[in-house]
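Undergrad: Questions regarding the structure given below will be posed in turn.
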Amino acid sequence: MNEKFYELPAEKQQRIINAGLEVFGAYDYPQASTDDIAAKAGISKGLLFYYFKNKKEFYLFLFDYCCNFFHQQICTENFIQITDFSDLMEYAARIKYSLILQYPHFMNFVMKAYYSRREEVSEAMKERIGSTIGEIYTVYFKNIDFSRFKEEVDPQKLLNMLTWMAEGYIQDKLRQSETLNIDELMQNFHDWQKMFRKIAYKEVSDETHSQS
């Protein structure tokens, strides 16, 4: 699939991807214009549909691209060595926030894709998101020592809560047109982590988990 697109020079591929992320990130799927995407990418609409047979295919391609890109940024040698749930969450959050600052359209697109409702792509997105969430827990957390949690605590629910808080915080900042400050974001995330550790861990060592 998309063989013709991958035959393009890397710079042109990236230009088309960036144009798609910008337009789909600014508008809900029905209102996003493929004419605008083509214009921003410097190609014709016909050529866009030569590489991707329709708007839906391009949209789903972009979501898969974002997931793969994030995975590559996360899964480094440092990531493999982390065995503490909280440490991994903060590590992933710092990378995520850095990506938001470097690629602002990236975050806007992913958020709209996650929360699409009653749109042509919604059913396909629901399947992809379900698969992605399952992969996150089995792949990213495979080296984590879950014995540190109290027996009544479900780590996956804790992951969901922290994710919702972080995404809500970011969206609130973006709605108010405030500049995202990674140090401020990470300090807030670190504070949330400390509160959750007190609730979820059998023992909490501030000395052990003092890094942000």
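Undergrad: Extent of the stretch 1-76 along each principal axis, from alpha carbon coordinates, in Å, largest to smallest?
TA: 38, 29, 20
Undergrad: In straight Cα distance, which aspartates and glutamates are under 14 Å from Lys202, not counting same-chain residues fewer than 8 positions off?
TA: Asp84, Asp145, Glu151, Glu152, Asp154
Undergrad: If the chain between Ser122 and His71 were fully stretched, how many nm would it gain, using 0.36 nm times the residue separation less the Cα-Cα distance?
TA: Full extension from Ser122 to His71 adds 16.1 nm.
Undergrad: Additional query: Would you mind checking which residues have amide H under 5 Å from Phe149's amide H? H placed 1.01 Å from N; only 5 or more apart, or other chain.
TA: Those lying under 5 Å, H to H, from Phe149 are Lys202.
Undergrad: Taking the Cβ-Cβ separation of Phe49 and Glu167 as r and a Förster radius of 25 Å, what is the calculated FRET efficiency to the nearest 0.05?
TA: It comes out at approximately 0.20.
Undergrad: Tell me the per residue accessible area of the stretch 27-135 using a 1.4 Å probe; a whole number in Å² is fine.
TA: Accessible area per residue: 52 Å².
Undergrad: Here's another thing I want to ask about it. Taking the alpha-carbon distance from Lys12 and a cut-off under 26 Å, which lysines remain once sequence neighbours fewer than 8 residues away in the same chain are dropped?
TA: Candidates past the 8-residue exclusion: Lys4, Lys40, Lys45, Lys53, Lys55, Lys56, Lys96, Lys112.
Undergrad: Rounded to a whole number, what % of the accessible area of the chain do carbon and sulfur atoms account for, probe 1.4 Å?
TA: 50
Undergrad: Sorting Trp192, Trp164 by accessible area (1.4 Å probe), largest first, what list results?
TA: Trp164, Trp192
Undergrad: Take every Cα pair under 8 Å in the stretch 14-61 that's 6+ residues apart, average their separations, divide by the length, and report that relative contact order as a whole percent. Walk me through the numbers before you get to the answer.
TA: Numbers: 29 pairs, mean separation 16.0, N = 48.
The normalised contact order for the stretch 14-61 reaches 33 percent.
Undergrad: What translational D, rounded to a whole number of µm²/s, comes out for the chain from Stokes-Einstein when the hydrodynamic radius is the Kirkwood one over Cα pairs, at 10 °C and 1.306 mPa s?
TA: After rounding, the answer is 84 µm²/s.
Undergrad: On to the next question. How much length, in nm to one decimal, is gained on full extension between Ser131 and Asp191, taken as 0.36 nm per residue of separation minus their Cα-Cα distance?
TA: Gain on stretching Ser131 to Asp191: 18.6 nm.
Undergrad: Next question, about the same structure. Per-residue HN-Hα couplings for the stretch 57-64, Karplus 6.51 cos²θ - 1.76 cosθ + 1.60 at θ = phi - 60°, whole Hz, x for Gly and Pro?
TA: For the stretch 57-64, the Karplus curve yields 4, 5, 4, 5, 4, 5, 5, 4 Hz.
The values are calculated or read from the model by the stated rules, or taken from the named source; none is laboratory data. Just so it is clear, the structure is predicted and the values come from calculations on it, not from any experiment. Cβ coordinates were reconstructed from backbone atoms using ideal geometry, including for glycine residues, and neighbour counts include every protein chain displayed. Areas reflect the complete protein model, heavy atoms only, side chains present, ligands, DNA and RNA absent. Shrake-Rupley method; radii C 1.70, N 1.55, O 1.52, S 1.80 Å.
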